[in-house]
1. Run down 128, 90, 72 and say which single residue is under 14 Å from the mean Cα position of the chain (by Cα), part of a loop (DSSP other than H, G, I, E, B) and either at pLDDT 80 or above or surrounded by fewer than 21 Cβ atoms within 10 Å (Cβ to Cβ) (or both).
2. Considering only segment 44-51, I want to know if a residue exists there that is at pLDDT 90 or above, more than 12 Å from the chain's Cα centre (by Cα) and crowded, with 17+ Cβ neighbours inside 10 Å.
3. If residue 174 satisfies all but one of (1) modelled with pLDDT under 80; (2) within 17 Å of the chain's Cα centre (by Cα); (3) surrounded by fewer than 18 Cβ atoms within 10 Å (Cβ to Cβ), what's the number of the condition it fails?
4. Taking segment 93-108 on its own, how many of its residues are at pLDDT 85 or above and surrounded by fewer than 19 Cβ atoms within 10 Å (Cβ to Cβ)?
5. Where the second residue is surrounded by fewer than 16 Cβ atoms within 10 Å (Cβ to Cβ) and the first is within 16 Å of residue 97 (Cβ to Cβ) and lies in segment 157-183, which pairs have Cβ atoms under 8 Å and are six or more apart or on separate chains?
6. For residue 112, state whether it is touching a strand residue (DSSP E or B) at 6+ places or on another chain (Cβ under 7 Å), modelled with pLDDT under 95, surrounded by 15 or more Cβ atoms within 10 Å (Cβ to Cβ) and closer than 23 Å to residue 53 by Cα.
C-alpha cells in the first residue's frame with residue numbers, strides 16, 4: 001500500500017530530503033504524479049455519482065508498471081456508495097473523516113473525499129501518520145479534535161511550498177463549500193509538473 005511506502009518504509013518523502021534541493025524536487029514530482037493518479041481514481045468514482053468514503057493511505061495500492069513507474073490504484077471500495085444512497089451513515093477512518101461527517105451536519109459527498117485527500121497529501125509530504133500526529137497534540141479523542149478544527153501541523157521542518165500548503169488547507173477546510181473539486185487538485189499538480 002501507499003502507507004507501507006510512505007510511512008512504514010525508509011522512503012525519501014519531500015520533507016525528509018528538504019535539505020537536498022534536487023532530491024526534494026524529484027520527490028515532489030513523484031508525489032505530484034501519485035496524487036494525480038489518486039485524483040483520477042476519485043474522478044472516476046465521483047463521475048459515477050459515488051463517494052469513496054474511506055480514502056486513506058492504506059487504501060491506495062502501489063505497484064510497478066511496465067516502464068518501472070509506480071501505478072496507483074484506489075482500493076477498499078466496499079464503503080463506496082451512491083450519493084443518493086448514503087443517508088445519514090458514518091463510514092471511514094476518523095483521522096481522514098471530514099468534520100461535517102463527524103458532526104453529522106451533512107451526509108458524505110464528494111467534498112468529504114477531498115478532505116480525506118488533504119490528509120493523504122499531508123502524510124505523503126511529511127511521511128508521518130496523521131492520526132498519530134494529531135493524537136500527540138491533544139488530550140481528548142481524535143474525533144473531537146477534528147470536529148474542533150484541529151488538523152495536522154503545517155509548521156513541521158521542511159514544510160511544503162506556500163502554494164502546496166494553501167491547496168492542502170483548502171482541501172481540509174472546515175466548510176465543504178470552500179474545498180476544491182478533484183479536477184482542481186489534479187490541475188494544480190499537472191501545472192506543477194509542466195513548469
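The values are calculated or read from the model by the stated rules, or taken from the named source; none is laboratory data. The shown structure was predicted, so the numbers you read here are calculated from the model rather than taken from an experiment. Every residue, glycine among them, receives a Cβ derived from its backbone with ideal geometry; neighbour counts consider all protein chains shown.
1. Values: 90 fails: under 14 Å from the mean Cα position of the chain (by Cα); 72 fails: part of a loop (DSSP other than H, G, I, E, B).
Residue meeting the stated conditions: 128.
2. Yes, that holds for at least one residue.
3. Every condition holds for residue 174 apart from (1).
4. 0
5. 174/149; 176/106
6. Working: touching a strand residue (DSSP E or B) at 6+ places or on another chain (Cβ under 7 Å): yes; modelled with pLDDT under 95: yes; surrounded by 15 or more Cβ atoms within 10 Å (Cβ to Cβ): yes; closer than 23 Å to residue 53 by Cα: yes.
Yes, satisfied.
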